[in-house]
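Below is one structure, written out as structure tokens; comments come after it.
Every read-out reported here was derived from the displayed coordinates using simple, explicitly stated rules and does not represent laboratory data. Small disclaimer: the values here were computed from a predicted structure and weren't measured. Cβ sites come from the backbone with ideal geometry, for glycine too, and all protein chains shown count toward neighbours.
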2 protein chains.
Amino acid sequence: MLKRERQAYILHQVNLHNKVLSSNLSQEMNVSEDTIRRDLLELTGQGKIIKVHGGALSHSFSNFYTPVNDIYSYANKKTIAEKAASLIRSGMFVLTSGGTTIIELARALPLDLKATFISGSIPAIVEYMNHPNIEVIIVGDKISKSSKITVGGEAIAKIKQIKAELCFLGINAIDVHHGITDNDWDVVQLKKAMIESGQKVVCLSISEKLNSFQPIKVCDVQQIDTLITELDPKDPLLSPYIDAGIQVL
Amino acid sequence: MLKRERQAYILHQVNLHNKVLSSNLSQEMNVSEDTIRRDLLELTGQGKIIKVHGGALSHSFSNFYTPVNDIYSYANKKTIAEKAASLIRSGMFVLTSGGTTIIELARALPLDLKATFISGSIPAIVEYMNHPNIEVIIVGDKISKSSKITVGGEAIAKIKQIKAELCFLGINAIDVHHGITDNDWDVVQLKKAMIESGQKVVCLSISEKLNSFQPIKVCDVQQIDTLITELDPKDPLLSPYIDAGIQVL
DNA sequence: GACGGTTCTGCGCTTTTATGCATGCATTTT
DNA sequence: AAAATGCATGCATAAAAGCGCAGAACCGTC
């Protein structure tokens, strides 16, 4: 049995039953538990499953269980959110992706800001709803539980109909050579559509995601207009991006 | 049973019943009470529950700030939710409206239920998302902040494309003569569409809303199939509805 | 086909984790 | 005062994870 074959089978089982046991899989496929563990590790690295002691769980299952809020990166995201919020002018149409940074942005919006926000991210929508002056439009379709965002053809088609003035993208990995990359195929499709629909594309990323990459490509760095991190724009880490023609805040 | 799995189950139980007993859980899952106590300790550390002598409580319940002003009607909604949940079979497509009763329904769904839920209600969607086996489809459009539900032509058009097996409607007022009535124009339009799209229409209502009416009409009582209240179906308050040909649970 | 390099897999080892049990303590009930 | 209940602690054990390594399989090149 080939490695890919095995991993596909594991993924199938996880999605079907929401949980798998290493011991079980090892027996079924007649390989050592070590191999299974390595497979699970790889799949976890790709964000497809959640590995736990003794096996793995589907993403949706362990969703019950929100990861501990990392105070350190929280403060950074707050900084990013404030920089991003300053770009929004009254009356604008703003398209936003999902991700925790975007949620922080939603919380950082000034109370008197009147604008229209379009998104498929449920947590972001919940935040926008709590804002007194913001109009909220949600993009409908099936919801991906792992990313808590609407994905699929309907959602993409809907986004393509829009021409927003600003598009905020929370990103998972960025690198001057590889561009923006991610690990969820559906989410990548959505982000691609969003980039097309935004007159100005702004990427939000904490600095630890700089110069890293993931399996699936979203776009080249040339396609983004602005990059916001928690760092000072003069930070040497950011100079390659400035050289690539990106405005850095 | 994996540790995470157990903890997910505990969380679900806590959210459902607002309290759990260690002894109880230990029996249900066939592990020692020690293990349960350690689980509760961990979950408390994550702020998911509140551990007390002998078990744990849901965070929301013991939270003074959330107005549990009427525990009475809360318990009633719970009863309704459980009756409603029993109607759902595996594999069904279920369309639901908004409203607090519907949210209770979402929380009362058995963990092993596999079904597809379609809704425009953000709070309901958030609940569905936390369920491991449910597929969630959100109807997109502009969000009405007062009702936290998507309203507008897009949403209505989308719902009309669907033919769901079950349609659950949280209602504001019902009366044998006036039918179902409501007070929000947009929401009424949506509910009308939902009734059209449901093969079987089930109304959820606490008894105090029986025999009352509001300015805008949704539909006649003839258009609904089932009415669920917290009362016993034999209650005299319900007999007019039974006489009108409605199944009462 | 022979070859060096890479990837994949299984084995033996140690370390970590998860669980249950025994003990002692504090609080409540009888 | 005695009994019962729940909790914290330490300890024992089994299962799982991590690590390094060696053989096997695979790959492109010559």
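Does a label point 7 Å from the Cα of B:Thr100, set along Cα-to-beta-carbon, have any residues of region B:206-228 with amide nitrogen under 12 Å, and which are they?
From region B:206-228, the list is B:206.
In whole Hz, what ³J(HN,Hα) sequence does region A:129-138 give by Karplus (6.51, -1.76, 1.60; θ = phi - 60°), x for Gly and Pro?
Those phi angles translate into 4, 7, 9, x, 10, 9, 8, 10, 10, 9 Hz.
How many nanometers, to one decimal and shortest first, lie between the label point of B:Ser23 and those of its other copies, if labels sit 7 Å from Cα toward Cβ?
Result, one decimal in nm: 3.1.
Taking H placed 1.01 Å from N in the peptide plane, check which residues at least 5 places from A:Asn211 or on another chain put their amide H under 5 Å from its amide H.
Sorted by chain and number, the residues that satisfy this are A:Ile174, A:Asp175, A:Val176.
Please report how far the C-alpha centroid of region B:42-61 lies from that of region A:184-229, rounded to the nearest whole angstrom.
About 39 Å separates the Cα centre of region B:42-61 from the one of region A:184-229.
Given springs between every Cα pair under 10 Å in a Gaussian network model of chain A, which of A:His12, A:His59, A:His131 has the largest fluctuation?
Maximum among the listed residues: A:His12.
Say R0 is 25 Å: what FRET efficiency, to the nearest 0.05, do A:Met92 and A:Ser207 get from their beta-carbon distance?
Plugging the Cβ-Cβ distance into 1/(1 + (r/R0)^6) gives 0.40.
What residue among B:Asn211, B:Ile162, A:Leu169 has its Cα farthest toward the positive end of the dipole of the protein assembly as shown, where the charges are +1 on Lys, Arg and -1 on Asp, Glu, each on the Cβ?
Towards the positive end, the residue furthest out is A:Leu169.
Which FRET efficiency value, to the nearest 0.05, do you get for B:Lys160 and B:Ile242 by plugging their Cβ-Cβ distance into 1/(1 + (r/R0)^6) with R0 = 45 Å?
0.90
Using the Karplus curve 6.51 cos²θ - 1.76 cosθ + 1.60 with θ = phi - 60°, what ³J(HN,Hα) values do you get for each residue of region B:171-177, in whole Hz, with x for Gly and Pro?
Karplus-based 3J(HN,Hα) across region B:171-177 equals 10, 9, 6, 9, 7, 4, 7 Hz.
Would you mind checking which residues have amide H under 5 Å from B:Asp141's amide H? H placed 1.01 Å from N; only 5 or more apart, or other chain.
For B:Asp141, whose amide H was placed from the backbone, the distant partners under 5 Å are A:Ile138, A:Gly140.
Using modelled amide H (1.01 Å from N, peptide plane; none on Pro or chain starts), what sits under 5 Å from the amide H of A:Gly179, excluding residues fewer than 5 places away?
A:Val221
Suppose R0 equals 41 Å. What FRET efficiency, 1/(1 + (r/R0)^6) with r the Cβ-Cβ distance, do A:Asn133 and A:Asp34 give to the nearest 0.05?
0.10
Can you give me the distance in nm between label points at A:Asp232 and B:Asn183, each placed 7 Å from the Cα along the Cα-to-Cβ direction?
So the label points at A:Asp232 and B:Asn183 sit 5.7 nm apart.
Considering the Cα trace of chain A, what is its radius of gyration and what is Dmax, both in angstroms?
In Å, with Rg to one decimal and Dmax whole: 19.4, 63.
Shortest first and in nm to one decimal, what separations exist between A:Gln161 and its copies in the other chains, measuring from label points 7 Å along the Cα-to-beta-carbon line?
Relative to the other copies, A:Gln161 has label-point distances of 0.9 nm.
Sum -39500 (n - 2.57) across every DSSP H segment of at least 4 residues in chain B, then divide by the residue count to get the 222 nm mean residue ellipticity, nearest 500.
Result for chain B, helices only: -11500 deg cm²/dmol.
Go through region A:134-178 and name the trypsin sites (Lys or Arg not before Pro) that are in a DSSP coil and have 16 or fewer other Cβ atoms within 10 Å of their Cβ.
A:Lys163
A 30 angstrom limit on the alpha carbon distance is what I want to check against. Which of A:Lys78/B:Lys114; A:Lys217/B:Lys148; A:Lys3/A:Lys145 exceed it?
As for pairs spanning more than 30 Å Cα to Cα, those are A:Lys78/B:Lys114; A:Lys217/B:Lys148.
How much length, in nm to one decimal, is gained on full extension between A:Gln223 and A:His17, taken as 0.36 nm per residue of separation minus their Cα-Cα distance?
In short, 70.2 nm is gained.
How large is the charge dipole for region A:109-184, taken about the Cα centre, if only the Cβ atoms of Lys, Arg (+1) and Asp, Glu (-1) carry charge, to the nearest 20 debye?
Result for region A:109-184 is approximately 220 debye, rounded to the nearest 20.
Can you give me the relative contact order of chain A as a percent, contacts being Cα pairs under 8 Å and 6 or more apart?
14
Just to confirm the numbers: A:Asn130, label point 7 angstrom along the Cα-Cβ line, distances to the other copies in nm, shortest first?
1.5
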